[in-house]
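Comments concern the structure below.
Here, each number is a calculation from the coordinates, and none is a lab measurement. Please read these numbers as outputs of a predicted model, since none were measured by experiment. We place every Cβ from the backbone using ideal geometry, glycine too, and count neighbours over all the protein chains shown.
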2 protein chains.
Amino acid sequence: MGLSVLSHPQDKEQLLTYFETHIMHILNWLAAFSPDENGGITRLLYTEGWLNTQQALAVKMASHGLETEFDEVGNLFGKLQGEDRHAPSIITGSHIDTVVQGGKYDGAYGIAAGLLAVNYLQQQFGKPKRTIEVVSLCEEEGSRFPIAYWGSGSIAGKRDFEQIARLRDMDEVSFTDAMRECGFGEGSGRSSRRQDIGAFIEVHIEQGAVLETEKAAIGIVDAIAGQRRMKFEVTGEPNHAGTTPMHMRRDALEGASAMIQELRREAMKQGAPLVATVGQLNVQPNVPNVVPGKVMFTVDARHGDEEALGSFCEWVMNTFKRLAEERDLAFSGMEWFSERPVPMDAGIKRHMDEITEELGIASMRMVSGAGHDAVMFEHICKAGMLFVPSRGGISHSPLEYTAPSELAAGVLVLAELLYRLGYGEER
Amino acid sequence: MGLSVLSHPQDKEQLLTYFETHIMHILNWLAAFSPDENGGITRLLYTEGWLNTQQALAVKMASHGLETEFDEVGNLFGKLQGEDRHAPSIITGSHIDTVVQGGKYDGAYGIAAGLLAVNYLQQQFGKPKRTIEVVSLCEEEGSRFPIAYWGSGSIAGKRDFEQIARLRDMDEVSFTDAMRECGFGEGSGRSSRRQDIGAFIEVHIEQGAVLETEKAAIGIVDAIAGQRRMKFEVTGEPNHAGTTPMHMRRDALEGASAMIQELRREAMKQGAPLVATVGQLNVQPNVPNVVPGKVMFTVDARHGDEEALGSFCEWVMNTFKRLAEERDLAFSGMEWFSERPVPMDAGIKRHMDEITEELGIASMRMVSGAGHDAVMFEHICKAGMLFVPSRGGISHSPLEYTAPSELAAGVLVLAELLYRLGYGEER
C-alpha cells in the first residue's frame, strides 16, 4: 500500500464509523433548510431555502478553517490553501439544488462528503501540497429555470449571463431578478470562470440499481453517457373504429407500438451500457372509437461510447422507417438533442481502482447514464466521479436512500483520493 | 321478376337518372340549412339550424301530400295513409342531426331517400295497402348532449324524459330548456312511444370502405355489431431513463405496446367482422427521460356475433394479463360498456338479396360496425338497413362523399323494398 489516509490497516473500521456518523449529521442538517410539504426536499435555485442553505454552508466551511468565497453566480467555495500557491486546485463537491420534491442525497452528498473528507485530511495531515477546495455548486438540475449546469457551466465557461437574460420560472419571475434578490449576478463578486483547476472529483449517488444488484460499494465512473434525443411522428388514417376492417387500417399507434417493441429487442440484445427509452408518447385524436391517425413519440438513447451510440441511433432511424413503410404509414424522425459521451480521466480512474482494491472495498467500473457537473468540468480539467449505491435505484424522490455505511465508504475513498492528489508527490 | 317498381326492365336507367337528380337536390337543400364556418354541416339537436331544417322538411313532406306530425321530442313523420288503417306502419328514414363539422350524407341521406322513394311510389301507384311513413329522427349522434338515439330511443321506449332531466351541453344549456325553446318537450304533442310499427327500413352511408373495396353498390346489413369497450391500466416503475439498465426496467409502455401488437395479430387472424381498436392511450409521467411508470389505454372490440365477441374479449383479458405478468407489471382491466349485436330481420334481408339480384345491382351482406337508429327500432319491429358506399370510408367529416349514381341505387332498392312491404300481398 502506498500513501494512505490509513496509517494502519486496522484503522479502516474506526474511520468508517467516524465518517458514517458525521456524514449523516451533515446531510440531515442540510435537509432541514429546505423541507417541502410532502416529506421531500425542494431546494430550487435562488429561493430563500437555497440561500439559507448556501449561507449556512459558508459558515460551516469557515468554522472548519476553510477560506470561503461565493462567485458571482452563487457557487460557494471553501478553500484549504496548499503550499504550492501556483499549483492548480483540486476541487471536490457537487450541486446544492434539488428537483421539486427530491431526496436528501442527490447533490448534497457530494458536498457533504467533500467537506468531511477535507476536514479529516486537514486535521490529520495539515496543509496539503496543493490547494484543495470544496464546492457547493449553485445549480445543476434545471428544475426552476429551463437551463441546467448553471453552476459548473459558469465555472467552465459554458454558461454566461446572456443565456439566462430572458429566462423566467413558472411564476414568471426572471432568472436575473431571482439571482439579484439573493445578492448574486454580473459584477456582484468574483467572476465564475476558472482556469486554475487541476482536477474535479465528484461523489454522487448512483441514481440507478446497478451497484445494489452487483453488490458493489463503489462505482468508478468510466464515462458519462452520451445522449441523443429523437422525436418521431407516425401518421396513418384516423378511421372509424367500427366500420374499418382490420386489413384496411393504417393505425399509427399499432405502428408506433411495433417500433417500441423492436427498440426494446435491439437494446436488450446490445445490452449495457446502452439504454433506450420511449418516455413520451401522444396519440391523435386519442378517443376510444377512432383508429389513431397520428402518434408522436420520443426516443432517449444513451451510451458511453460515441460510435456505438451513433450507430444505434442510425439503426433506430432505419428500422422505424422500414416498420412505417411496411404499414403504409407516413414517418418522420429527427434528432433534436445530442450530447457526446464524456470520458472520465484515466489517471483518476486508475487511482480509484487501486484505492478501492487496497481498502478492500468492492468496486466496479460503470457508465453514468445520468448527466453530472463533471461533464462541465471535463472541459477545463481532469474529472473523476465515484458512485455509491441508491437503494432500489430510486432518485429524484423523497424515497431516495443510501445506507450510512455506504455513504461512509464513499467518503473514505474520496479522502484517500484527495490525499493522493493533494498531499502526494504526483498529481 | 315479381312485383316491381319497374314496369319494364328498360325503365331502370331512366329511374336511376330521375333519383340521381332528385336525391342531390334534396341533400343540397338540406345541407344549406346548417352550414358551418369550416365547410361542413353542423346541425346539433334543438339548435336554430336544426329547427329550421325540421320545419322546412315538414313543409316539403306536406307538399308531397304526406300527413305531417311532430311527436313531443321533435321526431318528424310524413305519413302516406294505407288502405288498411289497422295494419302496422312501414317506416323509413334516419336522423337529421349531425356531428360537429359533419358531412351532408350521414343521416340526411336516409331521410331524403325515404322522401324520394315514397313520393315516387305515391305518384306511380297511389295509395298503398299499408301505411308508409317517412321519419326524420330528431337525434342520433349524441353530439350536443351526452345521450345518443334520443329520437329512435323515444319511439322504442328506450329513452325517456327522466334520462335527460339533468343533461347540459358544453355551454351549460339544459336539454329541457333547449327542447322547450324549439317547442318540444313532455306534453307538447303526441307521445313519442309507438307500438304500431311493422317495419323500419334505414338507408345510410356505410362510413367504411368495404363496399368501395369490394366494388359492391349496396351493403345489406346482416347485423349491427355488438360493441364492448374495455379500459386497462398497466403499472411498472417510473425509473430514470439514463441510469436504469434495460434488464432492470419495468416499462409500462413497453408492456402496453406488446399488448397492442398481440391484439392486432389476433384480430387480423380472426378477421372480419371482428374489429379491435386501441384508440386512446395515455402515458405517465410522459416525459422523454423517464421510463413510463403507468399506461392507461382502451380497447374497442366489435363483432356481429355475441358469442364470438365475448370469447374475443376474454382472450384479450387473459392475454394482456399474461403479457403483464411476464414483464412483472401490475395490471388491471375492466369492461365499462357492452352492447349486444343486433341482427337485422331475416325476411327483410332476403327481400333485399332478391331485389338487388333482380335489379342487377351488386350487393353484399355485411356487418355494420357503427351503431344506427335501427338498433332501437329492432326492439319494437322488424328492422332492416342498407348501405351505399362511402368514398375512402370517410365519415363525420366535410369530406364525406357518395357519388349521386350510388345514392340513386340505394333509393331504387329502397323504393322496391317499400313497394313490396307496402303495396305487396305479403308483408
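Quick rundown of the values:
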item: Point-to-point label distance, residue A:163-residue A:213, nm (Cα→Cβ direction, 7 Å offset); result: 3.3
item: Solvent-free Debye scattering, log10 I(q)/I(0), computed from the Cα coordinates of the range B:226-339 at q = 0.21 Å⁻¹; result: -1.06
item: Trypsin sites (Lys or Arg not before Pro) within the range A:138-192, DSSP loop, no more than 11 other Cβ atoms inside 10 Å; result: A:166
item: Relative packing of peptides A:251-260, A:86-95, B:17-26 - highest average C-beta neighbours within 10 Å first; result: A:251-260, A:86-95, B:17-26
item: Contour excess over end-to-end distance, with Cα ends at residue A:231 and residue A:124 and 0.36 nm allotted per residue; result: 33.1 nm
item: Of all DSSP beta bridges in the protein assembly as shown, antiparallel share, percent nearest 5; result: 65
item: Residue-wise HN-Hα coupling along the range A:179-192, computed from phi with Karplus coefficients 6.51, -1.76, 1.60 (Hz; x: Gly, Pro); result: 5, 4, 4, 8, x, 10, x, 3, x, 6, x, 5, 4, 6
item: Separation of the residue A:17 and residue B:306 label points, Cα + 7 Å toward Cβ, nm; result: 7.7
item: Beta carbon of chain B nearest to the axis of the rotation taking B to A, residue and angstrom distance; result: B:257, 2
item: Which of A:363, A:154, A:63, A:188 has the fewest Cβ neighbours within 10 Å, and the rest in rising order; result: A:63, A:188, A:363, A:154
item: Across the identical copies, how the residue B:346 labels are spaced - nm, sorted shortest first, 7 Å along Cα→Cβ; result: 8.6
item: Distance-filtered residues of the range B:203-228 - backbone nitrogen under 20 Å, label point 7 angstrom along residue B:338 Cα→Cβ; result: B:224-228
item: Rounded to 5, the percent of DSSP beta bridges in chain A classed as antiparallel; result: 65
item: The range A:134-147 - phi-based ³J(HN,Hα) in whole Hz, Karplus 6.51/-1.76/1.60, Gly and Pro as x; result: 9, 10, 10, 6, 5, 7, 9, 6, x, 8, 9, 10, x, 7
item: FRET efficiency, 1/(1 + (r/R0)^6) with R0 30 Å, evaluated for residue B:346 and residue B:193 via beta carbons; result: 0.70
item: Sites residue B:32 and residue A:326 - FRET efficiency at Förster radius 56 Å, r taken between beta-carbons, to 0.05; result: 0.80
item: Label spacing, shortest first and in nm, from residue A:231 to its equivalents in the remaining copies (7 angstrom along Cα→Cβ); result: 2.8
item: Part-to-part distance (alpha-carbon centres) for the range B:45-111 and the range A:89-107, which is given in Å; result: 72
item: Pseudo-label separations to other copies for residue B:319 - Cα-to-Cβ vector, 7 Å, nm; result: 2.3
item: Expected 222 nm ellipticity per residue - DSSP helices of 4 or more, -39500 (n - 2.57), all of the protein assembly as shown, to 500; result: -11500 deg cm²/dmol
item: Calculated FRET efficiency for the pair residue B:284/residue B:261, C-beta based, R₀ 25 Å, to 0.05; result: 0.75
